[in-house]
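Visitor: Could you have a look at this structure, given as structure tokens, before my questions?
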Amino acid sequence: MIELSISFLLMVIAVLSVILFLFTMYLLFQRQREIRFEKTRDTYLQNYSQHWYNYLMNDEIFSMVLVPRGSAQVAAIEMIFSSYLKNIMNEKVNQKIKEFSNLYLKKFYEKELSSNRWSIRMNALYRIADLQIVELLEACQQYEKTKISEEEYFQLLKIYSLFEPELFIEKIKEPSINYSESEYRRLFVLLEDNVFNRLFEDFDSWTKNIQFAAIDTAAVRRDMQYIDTLKQLLAHEIAEIKIRALKGLYEIGVIDEIDPYVPFVTSDMWEARLMVAKIFMHAPLNYTYAYLEQLLQDENWWVRSQAAKTIAENREGIAKLQQFMESSNDQYAIEMAQETVVRKQGNK
């Protein structure tokens, strides 16, 4: 019995040793692959980065030596393109990158879409969007029919928003699609103006997250064409939409009239009163002072503080606040005006 146990134990040790040896060899093999990959990638970068600069920036004739051979060289080109796209706003450069990618990188990323590894498939989806590989739109639509993760579907929506806006609009209408506000903002910021504007045409048909994201995206774009659209939403029945519209108008920073904002000076929502105090910063003080003086006496500390700050930002603001302190009986408002004057004068 003892001899059998020892033999069994020796056999187990031998098997484990073989497994450990094979695992070590696998790790060494993988590491060697990584080293070769990195060496090939870095060699391409060293040899051809200047060629790419000359082609993209100096309009030199394209050379076939730039066409990648293998995944390592594709990785090098990804690094080169990513650098240009992030750091240089040049339509001609972007067009050259797009044309090259559609011609020479299409098959590589199409193959990656069929990989068993999620990370490789996601990389392909990211690159298709970043490099504007429109030639793979149909492949993406076929890919959608397979069993994919939520992250993959979200990236497909991003691709549709870039390449096929009509399809994108139809997709986000589907009841099964429900993303957070921040995720919708990531999608909407990519839309062309004519497509983005469609989100406001039938505004009440969208979910709350889409409505909020559309308003916030309009604010981020800071485009005057959205001023009238946001002002129309000030009459919306939902309080949060009114407040967000006010915030969006403040972010755009162009006030062509004050009448639409005056009713919010006496709003039941302190957030709305606060936003009006901010908005009036973009209007002449002689038009807004009477309302700001009222807000300076608001029951809410944040509203009082913002009203005082808005007044103080004007050239005549300090004088106005000093006059207010001499004539007002509202101790809280007087203290806020004093604090603002001291802080403003101390910053000079």
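Visitor: Can you tell me which residues in the range 84-95 are among the basic types (K, R) and either modelled with pLDDT of 95 or more or more than 12 Å from L131 (Cα to Cα) (or both)?
Guide: K92
Visitor: Do you know which residues across the range 201-212 are assigned to a helix (DSSP H, G or I), open to solvent by 30 Å² or more (accessible area, probe 1.4 Å) and closer than 20 Å to S182 by Cβ?
Guide: Scanning the range 201-212 gives K208, N209.
Visitor: Then there is this: Counting just the residues of the range 225-268 that are part of a loop (DSSP other than H, G, I, E, B) and of a type in the set (D, E), which one comes out least open to solvent (accessible area, probe 1.4 Å)? Working first, answer last.
Guide: So in the range 225-268, the residues part of a loop (DSSP other than H, G, I, E, B) come out as 236-238, 253-258, 267-268.
The next check asks that each one be of a type in the set (D, E); those that pass are 237, 256-257, 268.
Values: E237: 165, D256: 101, E257: 79, D268: 152 Å².
My answer is E257.
Visitor: Given the condition open to solvent by 30 Å² or more (accessible area, probe 1.4 Å) and within 33 Å of the chain's Cα centre (by Cα), answer yes or no: does some residue in the range 308-320 qualify?
Guide: Among the residues of the range 308-320, at least one is open to solvent by 30 Å² or more (accessible area, probe 1.4 Å) and within 33 Å of the chain's Cα centre (by Cα), which makes the answer yes.
Visitor: Looking at this structure, is Q132 touching a Lys or Arg at 6+ places or on another chain (Cβ under 6 Å) and either assigned to a helix (DSSP H, G or I) or in contact (Cβ under 8 Å) with a residue 12 or more places away in the chain (or both)?
Guide: Against the criterion (touching a Lys or Arg at 6+ places or on another chain (Cβ under 6 Å) and either assigned to a helix (DSSP H, G or I) or in contact (Cβ under 8 Å) with a residue 12 or more places away in the chain (or both)), Q132 qualifies.
Visitor: Yes or no: A124 assigned to a helix (DSSP H, G or I), under 30 Å from S267 (Cβ atoms), open to solvent by less than 60 Å² (accessible area, probe 1.4 Å) and small (G, A, S)?
Guide: On the way: assigned to a helix (DSSP H, G or I): yes; under 30 Å from S267 (Cβ atoms): no; open to solvent by less than 60 Å² (accessible area, probe 1.4 Å): yes; small (G, A, S): yes.
Considered against the rule, which asks whether it is assigned to a helix (DSSP H, G or I), under 30 Å from S267 (Cβ atoms), open to solvent by less than 60 Å² (accessible area, probe 1.4 Å) and small (G, A, S), A124 comes out as no.
The values are calculated or read from the model by the stated rules, or taken from the named source; none is laboratory data. Owing to the predicted nature of the structure, the values given are computational and were not obtained by experimental measurement. Counting neighbours? That spans all protein chains shown, and the Cβs are built from the backbone with ideal geometry, glycine included. SASA here: full protein model, heavy atoms, side chains in, ligands and nucleic acids out. Shrake-Rupley method; radii C 1.70, N 1.55, O 1.52, S 1.80 Å.
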